[in-house]
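The values are calculated or read from the model by the stated rules, or taken from the named source; none is laboratory data. The model shown is predicted, which means the values in this text are computed figures rather than measured ones. Note that each Cβ is placed from the backbone with ideal geometry, even for glycine, and that neighbours are counted across all protein chains shown.
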Amino acid sequence: MTVTDHFESRIAPTVRSRPGYSITSESYSADLTVVRATGDLELNSCADLEHAIREASSKETVVLLDLSAVSFIYSGAASVIIDADSRSAGRLEVFAPTRPARMILEALGAAAIVTDPRRY
């Protein structure tokens, strides 16, 4: 497993905490990359979230976006996810969103991008 932190050196797989949120990427195989978001995905996290998803999507891999530890999601961050899904040709899957994340995705008409957690 390779862990990449989008805010630190690519050499040392450390998790750097940011005030309010963190976003990490983990490559489990050539076929699966997990982007994990935690905390509050507010306006200041949108660029980091977009960068992490775009970087993971640049490989020929399924990108699993883990939202199981997201306590708040701003509609702009949800729009980043929806836009990434439309560009991913079906390779982006949202996994285990918390209730706040699920509610905003559903309100924006994107409930279909949430994958069934039993699949994994």
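Data table
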{"quantity": "Exclusive hit being crowded, with 18+ Cβ neighbours inside 10 Å and part of a strand (DSSP E or B), set Ala84, Ala37, Ala56", "calculated": "Ala37"}
{"quantity": "Condition met for Ala110 (over 13 Å from the mean Cα position of the chain (by Cα), surrounded by 14 or more Cβ atoms within 10 Å (Cβ to Cβ) and farther than 15 Å from Ile23 by Cα)", "calculated": "yes"}
{"quantity": "Within the range 59-81, tally of residues that are over 15 Å from Ser45 (Cβ atoms), surrounded by fewer than 22 Cβ atoms within 10 Å (Cβ to Cβ) and among the aliphatic types (A, V, I, L, M)", "calculated": "1"}
{"quantity": "Qualifying positions in the range 56-86 - out of contact with any strand residue (DSSP E or B) (no Cβ under 8 Å at 6 or more places or on another chain) and either closer than 21 Å to Glu26 by Cβ or touching a residue at least 40 places away in the same chain (Cβ under 8 Å) (or both)", "calculated": "Ser58, Glu60, Val80"}
{"quantity": "Selection from the range 14-34 of residues that are among the acidic types (Asp, Glu) and surrounded by 17 or more Cβ atoms within 10 Å (Cβ to Cβ)", "calculated": "Glu26"}
{"quantity": "Search result, residues across the range 87-106 that are assigned to a helix (DSSP H, G or I) and surrounded by 15 or more Cβ atoms within 10 Å (Cβ to Cβ)", "calculated": "Pro100, Ala101, Arg102, Ile104, Leu105"}
{"quantity": "In the range 12-54, residue modelled with the lowest pLDDT [restricted to those that are under 28 Å from Ala89 (Cβ atoms) and charged (D, E, K, R)]", "calculated": "Asp31"}
